[in-house]
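Asks: One structure is given below, represented as structure tokens, and several questions about it will come after.
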Amino acid sequence: MMPRERLTEKEIQVAGLVWQGLTNREIGRQVGTTEQVIKNHLRSTFDKLGVWTRLELAMYVASHGGKEWLQDTRPHQGVDSGYGNEAEVQGDFRNGEREANGKKIA
């Protein structure tokens with residue numbers, strides 16, 4: 001099983017929003033939950049992907065295809081934790097553009 005396949009839909013959504021440069025508070029507002037719940041999703045995502053920081057997570061997403069990685073529709077074992085409608089994850093960049101391993105990240 002690939003590491004991405006271990007993530008829930010909510011964890012993938014949160015990873016994408018981190019990649020775009022949103023703060024935990026902004027992510028919580030966008031997905032309709034608290035900042036603490038977002039921190040819990042990130043902790044779980046970090047463990048599953050083997051990263052330690054938000055920057056490493058953003059670099060991981062970027063180096064694995066960025067927007068395409070987020071939109072990968074292959075079935076996976078994760079379970080959606082269900083906080084209402086899923087927000088559309090966009091590939092645009094906030095607060096300027098940065099690169100990691102030749103890939104643009106937020």
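The values are calculated or read from the model by the stated rules, or taken from the named source; none is laboratory data. For clarity, every value in this text was computed on a predicted model and none was experimentally measured. Neighbour counts run over all protein chains shown; Cβ positions are idealised from the backbone, glycine included.
Asks: Looking at Thr53, Thr73, which one is within 21 Å of Met2 (Cα to Cα), at pLDDT 95 or above and of a type in the set (S, T, N, Q)?
Replies: On the way: Thr73 fails: at pLDDT 95 or above.
Going through Thr53, Thr73 in turn, the sole match is Thr53.
Asks: Can you find, within region 7-25, the residue that is surrounded by the fewest Cβ atoms within 10 Å (Cβ to Cβ) among those that are touching an Asp or Glu at 6+ places or on another chain (Cβ under 9 Å) and closer than 22 Å to Gln71 by Cβ? First the steps, then the outcome.
Replies: Initial filter on region 7-25 (touching an Asp or Glu at 6+ places or on another chain (Cβ under 9 Å)): 8-10, 12-13, 17, 20, 23-25.
Checking the rest, the ones that are also closer than 22 Å to Gln71 by Cβ come to 8-10, 12-13, 17, 20.
On the way: Thr8: 19, Glu9: 14, Lys10: 22, Ile12: 23, Gln13: 23, Leu17: 24, Gln20: 23.
In this case the residue turns out to be Glu9.
Asks: Looking at region 45-66 only, could you name the residues that are free of Cβ contacts under 8 Å to residues at least 12 places away in the same chain and hydrophobic (A, V, I, L, M, F, W, C)?
Replies: Of everything in region 45-66, those that are free of Cβ contacts under 8 Å to residues at least 12 places away in the same chain and hydrophobic (A, V, I, L, M, F, W, C) turn out to be Phe46, Val51, Trp52, Leu55.
Asks: May I pose another question? Whether any residue in region 40-56 is among the hydroxyl-bearing types (Ser, Thr, Tyr) and crowded, with 17+ Cβ neighbours inside 10 Å is what I want to check. So that I can check it myself, show each step before the final result.
Replies: Applying the first criterion (among the hydroxyl-bearing types (Ser, Thr, Tyr)) to region 40-56 yields 44-45, 53.
From the residues that got through so far, the ones that are crowded, with 17+ Cβ neighbours inside 10 Å too are 44-45.
The answer is yes; a qualifying residue exists.
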